[in-house]
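Below: one structure, written as structure tokens.
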Amino acid sequence: MIIKIKKNAKPIVIITLLFTLFIGYNVFIRSQEIQALSKYGSRGSEVTQIQTKLKRWGYYNGNIDGIYGSQTLAAVKYFQRKNGLTVDGIAGPATLRAMGIYTSSSSSSSSSNSSNLNLLARVVYGEARGEPYSGQVAVAAVVLNRVKSSKFPNSISGVVYQAGAFDAVRDGQINLSPNSTAIKAAQDALNGWDPSYGAIYYFNPSTATNKWIWSRPMTVTIGRHRFCK
């Protein structure tokens, strides 16, 4: 943009005009930075967080160097594909929320995320405290797999409180305060870790009497729980 200044314009007018243009340009640049978030070529602490989480969950095998290169790009796309997100390789607000990385642009949904995390943690604590950590994450993953399935309600609360779905709801343990391990397990499941390998059911073989549940295809056994589809 070219700004024409009259020859007889007063210095104070010129200074004010230039200052206004400077402020406007910086606001524009800042808004562009916020919109872009992390993508191929980005560097910094946010990229380090992305790499750390994706490596922990098995999506990324490269170095944690804070550089958004081709390996990080491929890992983000893999994560997006597995979690029903737009597969564009850009760590935008939705992808960052799914990873549990919160920025100023994604903070508006923090209240809803906190509510879901708390309920999921209470399920984990009520159903699987004392189980191996991966088994606790797997229980949380079963809830989330049900949310994704057309056979079940499409929300975490709907799945949890579906009639007869969880013993912890029936016996009241769903109302107990979860410990830090249960909260961490719920967060890991929300972030995409699924040790159950897509299971939508689990049961304890030593106590189960329902013949139908024994007929379900098993995916994995962790601790006292057998997970199945």
- Query: Tell me, what is the FRET efficiency for Y197 and N175 to the nearest 0.05, using R0 = 45 angstrom and their Cβ-Cβ distance as r?
  - Reply: 0.90
- Item | Contour excess over end-to-end distance, with Cα ends at K184 and Y78 and 0.36 nm allotted per residue | 35.9 nm
- Listed highest first by mean packing, meaning other Cβ atoms within 10 Å per residue, what order do 74-87, 184-197, 160-173, 205-218 come in? 184-197, 74-87, 160-173, 205-218
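Apply 1/(1 + (r/R0)^6) to the Cβ-Cβ distance of V87 and T207, taking R0 = 45 Å, and write down the FRET efficiency to the nearest 0.05.
About 0.60, to the nearest 0.05.
Students often check this: by mean Cβ neighbours within 10 Å, which of 115-123, 133-141 ranks highest, and how do the rest follow? Show your work: numbers first, answer last.
Working: 115-123: 20.7, 133-141: 25.1.
Listed from highest to lowest mean packing, they are 133-141, 115-123.
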- Task: Would you grab the residues whose amide H sits under 5 Å from the one on Y201? Only those 5+ places off in sequence or on another chain, please, with H modelled 1.01 Å from N.
- Result: C228
- Query: Can you give the direction-averaged projected area of the convex hull of the alpha-carbon atoms in region 123-229, in nm²?
  - Reply: 6.2 nm²
- So, with points 7 Å from each Cα along the Cβ direction, the S215-T48 label distance in nm works out to 5.5 nm
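Each value in this text was obtained by applying a stated rule to the coordinates, not by laboratory testing. Just so it is clear, the structure is predicted and the values come from calculations on it, not from any experiment. Every residue, glycine among them, receives a Cβ derived from its backbone with ideal geometry; neighbour counts consider all protein chains shown.
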